[in-house]
Structures are given as structure tokens and as C-alpha cells.
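Inspection log for the structure reproduced underneath, given as C-alpha cells.
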Amino acid sequence: MAAAPSSLGTQIREELSCSICLELFTRPKVLPCQHTFCQGCLQGVAGWGGTFWCPICRRQVRLPPRGVAGLPDNLMAANMCEKFQQQATTSEETRQQPQSANRCFFHPTEVYRIYCKQCQMPVCDECIEGAHNGHLLTTIKKAGQESRPTVQALIHEGRNILESYCGFIRGLRETEKILNEQKQQTDNAITQACNELLAKVEQNHTKNLEKIQTERDRVLANVNELSAACDRAEQELQQGGVEILGQQTALTEVVGKYRGKAAPTPVQTQPAVFQPTDTPVPVLGHVTVQSLPSAPIPAALAARGTGHHHGNQRQEEHQPQKVTFGGLGSGTGHVQFRRPWGVTVSDEGEIFVVGRGNLRIQVFTLQGTFVRQFPAVVSGEQEMYPYDMAMDGEGNLWVVGRVWVGYTYSANFAVQFNKQGSVLRKIDLQETGWPRGVAVDTRRNHILITQTTGDRDNRHGEVLVFRPDGTLVGTGGQQQGMKGPQYITVDREGNILVSDKDNHRVFVYSFEDGQFLFQFGGRGSGEGRLKHPHGICTDRTGNIIVADWGNDRVEMFDKTGKFLKHITTDMVRPQAVAMATQGQLVVTNHMEDKVSIFQNF
């Protein structure tokens, strides 16, 4: 049955009405999801910038720079609204028009009384005497009765056509509703599947890390015992005293203990591997556990990286992805810094940042999210102005810095903290008045600390080697004329690398005997040149990364000191650098009090 005229008008009006204000569209704007709303209504929903969600399908919409006014106009909706309003106005005027509308168009003083069948139009008496003289005529009433069936048939046909169109529109609306519901269901299923997969991966990864940590703790205890015994024997052997006889007995006992001891069993890890499937959405795939071949023990120990920081280095020549966070401030629990000088990254991916001006160490994720912080203290509440830090093989931090008393620096220290900030031990250092750097040689469990002595015009630099208990094992680096060594690291082969900001160079020493190998750099801004180099670290392949402080850039060299590329050239005064085992490079910015994380560099 055909819809009544009032029902049809209501349906058309519904299609041309804003779902927010329920009125005909005013300056209609169309969203990327093809839903249309009044400009004013959208302004109230979206505000003046950023993003908002479509009131119908909840799809996120990003506003253009001009805000809601910059969204596309729905011209078709605007034209249809205008015509609908005109039609409504015309219908109202027709309804209110006086009976004078029955007067003849050609003779306004005459009223239509006759219908001309030949011309198919109403005429007045004067028209009959003129243009319609001799035509077949009938009365208006009789003509209306004769045409009624034809008109009713046309009305019925037109109503049916309109109803089919309106039904089509209703179908589109229902299809749209079903699509939105199906999409939401699919989104929820995918999210749930991803969460389940990620939970399985995280659980498996935690088990693997626990295995590695257990084995590391066990073997490091053996390493510490052997290292201490060998160091003591070497010291007595160099002195040439009678004590060497006692050391021979002790060393024979320790070496004999480990000579007959079985080698450590390689750790069997089973990393989770994602395997996509051909199953339709929402099943994404499965996480399976895949065994890795075990590495020989010497290589496994070497992979621990005796030194500051290591990670995967990619060689693509493109702009690296960068995340920057921080800013000047000292707020508790905030991502703020005051002169961030040192940085290191744990094997678990936690970034530790030394804030020299804040007298604290702050911890972040590799996405820049704040985790925790703790004060840099020597003991109790005795605060230290920290310069640099490094992580040892047990996952503890060694921080070097000074203690301030009154208006003078009184002492230098190297303090060992656990990851939560508890002080474990300290080493007293000579007061020199110059900043220091620190690294850890995990092969020998030695703490390497740079030291500068002398006045401003006559400086001398060297590297001090300590055992964790504070015993000085030896010194080196004086013969090459180091003046201002600050940052230091140890590469995977155990070689020692020192950045000398006063000589504008990097010095490299061998692992075996601490002998000088080579140097590179030299004052300048060209490729391969350096200007006041500061932070230094290496990646897994042995490439050397240097914070070229004076040139406002971070540089990469190969293991022989050959220049490879600029990692970034737009960082104001990069201070310290560290590599994460996950492959990210972390750089502190001394002048802007920020930290940047580079990926895919």
C-alpha cells in the first residue's frame, strides 16, 4: 500500500535532518565516514582542534587546520534542504491562497467555468469567444470527474515509486548499522586476540630471562672469585716480594677448584615466534616456541658486552625515527631534567638518566615513560652531584660524582646502587675538580674511571682501573697525552675507548694489556672530525658512536675509527649516548634538558 503524503514528507525530512539537533541541515559538513551534520552542531562536539569521534559510527576524525569550518561541505544535502524548504513554503502559500486562484490567467476579472477538451485547459467565457471558439467544451466539474481515475492511477504509481526509493534508503541505513556493528565486533575480537598473543609472548619471555639471570648469577660468582685471585697474584708478582709464595698456594687452590669443575652448561632458551595463519579474521595467528642453538660459553660471556652499552646497529641511510621527552624542571615524578649528563640502559630496556642539577637518577621505558627515580647519595642523606654511570654484570649501577660541602667540592666518589636506588658500596676518589666518566669491564669485573688533574692550562688525563672493593688495579693513558678524558666505554672485544674533549679525539686501548692502539678525530667540523667529543658507546657490530658536542651532532665510526655517517645533525649539545640491547640509541641533551631515543638509524 502506498504511503500517505504526510508520511512520505516525514521520511524525506528525516533523511535531511541532523542527528544532533534533529532539524534540517544548516551548513551541512560531511565527515570522512560520510556522515553529515550541521556545522554548528559539529562545532559543539569537536571543539576547535585535535580529534573527535563521529556521533553515529564513533570513527575517529582529525580536524583540518581551520577546524570544523575546514571540513568538506555536503552540497547535495544543502541543495535538497533548500528545495524541501521551498516546497514546504509553496505548499503553505497554496493552501492559504484565496479563491482568486480560480480566475482566468488571461482575463483576471473572469472565473474559470468551462474546460476545453481540445486544448486540455480551463477557460472563461471570454476565452470561449476568442481562441477556443468552436472547440469541444465541457464543464469544469464534469472534466474533473472524468480525469479523476487517471490522476488517481498516476498518484498511486508515483507513490509506489517513491516508496521504493525510500525503502532503498532505509535499507542503506540498516546496512550501514550492520556494518558498524560488525566492524566493532571485529575490532573487539582482534584486540582480544592481540592481548592474548602478547600475554603468551610476555610470559614466555619472562621465563627465558629468569633462566638467563639465574645462570648469570651463578657464573658471575665464579668469575669474581677467579678474577680476585688472579689480580692479587699479579700484584704480588709485580712487587716481587715473599708474599708471592702465599699467593701461589691460594691461587693453586682456586685454579685447581675450577680446573676440575665442569664447564657451565649453555642456557637453553625458547623464544616465542609469531606465525600468521590463513584463517580469516579475527584469528591472527599463533605464538609458537622455537629452540635456539646454544652458543659456546666464551662467546656467550663475550656477548654480555664488557662495557657501557651495546645494541643492534642498522646501516640504512635514512632519517632515523626519534622520540624526545623531558624539559627543564625538578618536579617529583615528572619527566623533567636539569643537566642530564649520563645515561645507560639495562638489558631489560630501562633507561637510567643522571640528572646533575637534580641530584638524582631517573628511570624510563624505551618509549619515554617515567618509571621511578631515586636520589644520588653517597650515604644517608649526603647528596652527590653525579656525572656519569654504567651498569655492571650483575645489573647494578656505578655512578661517579662529587659531594658538595658549603661552597667547595670536598670529595669524589664512585657509588654502586642497585636498580631501586639502594647504596651497596663506594670507592673514594681523588678530588680533581674535573668531571669523570665510568665504564665496567664485565670480563674482569673492573671499574674504569677517567680522571683529569692539573690546572686549566696544564691538564693531564688518565684511566683508573678498580676492583669493586675499591682496590686500585692500575692506571693508563698518560703516555698518549690525554688532557680532558670524560666519557669511557668498553666494546665487545674488551677494548677501552675514551673521548677526550680537550684533544677533540677518541683514544682506543687494547683489552689484553691496556696498550695504546690508535686514535681518531681531531678538531674540525668535516666528516671524521670532532669538536669537544663527549658521550661514547659501541653497538653489536663494533661501530663507535660519539656525541660530537661542539658540532651539535652524533657521529658513527667503524671499529677502526673510519667515519661512516651522521646519525643526527640537529641536536644542540648532545651529552651522553647509550645503546639498548633492543637496538635503540639513547642520547641526552645537555642544553635543552631532554632525552632522545633513536630507532632505525
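Summary of values
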read-out	value
Some residue of the stretch 379-389 being in contact (Cβ under 8 Å) with a residue 12 or more places away in the chain and in contact with an Asp or Glu (Cβ under 8 Å, 6 or more places away or on another chain)	no
Restricting the stretch 439-479 to residues that are at pLDDT 90 or above and among the acidic types (Asp, Glu), the residue that is surrounded by the fewest Cβ atoms within 10 Å (Cβ to Cβ)	ASP469
Among the residues listed as ILE212, ILE190, ILE140, the single one being among the aliphatic types (A, V, I, L, M), closer than 30 Å to LYS257 by Cα and out of contact with any helix residue (DSSP H, G or I) (no Cβ under 6 Å at 6 or more places or on another chain)	ILE212
Checking VAL400 against (1) surrounded by fewer than 18 Cβ atoms within 10 Å (Cβ to Cβ); (2) within 26 Å of ARG216 (Cα to Cα), the condition it does not meet	(1)
Residue that is farthest from the chain's Cα centre (by Cα) [pool: residues in the stretch 106-118 that are farther than 16 Å from LEU136 by Cβ and surrounded by 13 or more Cβ atoms within 10 Å (Cβ to Cβ)]	GLU110
Tabulated pairs, the stretch 249-273, first over 24 Å from ILE212 (Cα atoms), second in a helix (DSSP H, G or I) and at pLDDT 75 or above, C-beta under 7 angstrom, 6+ apart or interchain	ALA250/ALA229; LEU251/ALA229; LEU251/ALA233; VAL254/GLU225; VAL254/LEU226; VAL254/ALA229
Near pairs, Cβ below 7 angstrom, 6+ apart or cross-chain, from the stretch 439-456 (part of a loop (DSSP other than H, G, I, E, B)) to any residue that is modelled with pLDDT under 85	THR442/ARG304; THR442/THR306; ARG443/THR306; ARG444/SER227; ASN445/VAL223; ASN445/ASN224; ASN445/SER227
The listed residue being farther than 14 Å from PRO271 by Cα and exposed (fewer than 11 other Cβ atoms within 10 Å of the Cβ), out of ASN222, ASN195, ASN180	ASN195
Within the stretch 346-367, tally of residues that are closer than 12 Å to ALA576 by Cα and either modelled with pLDDT of 90 or more or surrounded by fewer than 18 Cβ atoms within 10 Å (Cβ to Cβ) (or both)	3
Of all residues making up the stretch 325-345, the number that are farther than 16 Å from MET579 by Cα and either at pLDDT 75 or above or aromatic (Phe, Trp, Tyr) (or both)	10
Residues of the stretch 20-51 satisfying the condition of being in a loop (DSSP other than H, G, I, E, B), surrounded by 14 or more Cβ atoms within 10 Å (Cβ to Cβ) and of a type outside the set (A, V, I, L, M)	CYS21, PHE25, THR26, ARG27, CYS33, HIS35
In the stretch 365-405, residue nearest to the chain's Cα centre (by Cα) [restricted to those that are small (Gly, Ala, Ser) and part of a loop (DSSP other than H, G, I, E, B)]	GLY368
Top-ranked residue of the stretch 484-542 - restricted to ones that are touching a residue at least 24 places away in the same chain (Cβ under 8 Å) and of a type in the set (Ser, Thr, Tyr), ranked as surrounded by the most Cβ atoms within 10 Å (Cβ to Cβ)	TYR487
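Yes/no matrix, rows are residues, columns are (1) of a type outside the set (D, E, K, R); (2) within 24 Å of GLU350 (Cα to Cα); (3) touching a helix residue (DSSP H, G or I) at 6+ places or on another chain (Cβ under 8 Å):
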| residue | (1), (2), (3) |
| --- | --- |
| ARG492 | no, yes, yes |
| SER510 | yes, no, no |
| GLN519 | yes, no, yes |
| ILE536 | yes, yes, no |
| TRP549 | yes, no, no |
| THR568 | yes, yes, no |
| GLN582 | yes, yes, no |
| LEU585 | yes, yes, no |
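The values are calculated or read from the model by the stated rules, or taken from the named source; none is laboratory data. This is a predicted model, so every value here is computed, not measured. Glycine also receives a Cβ, built like all others from the backbone with ideal geometry; neighbour counts cover every protein chain displayed.
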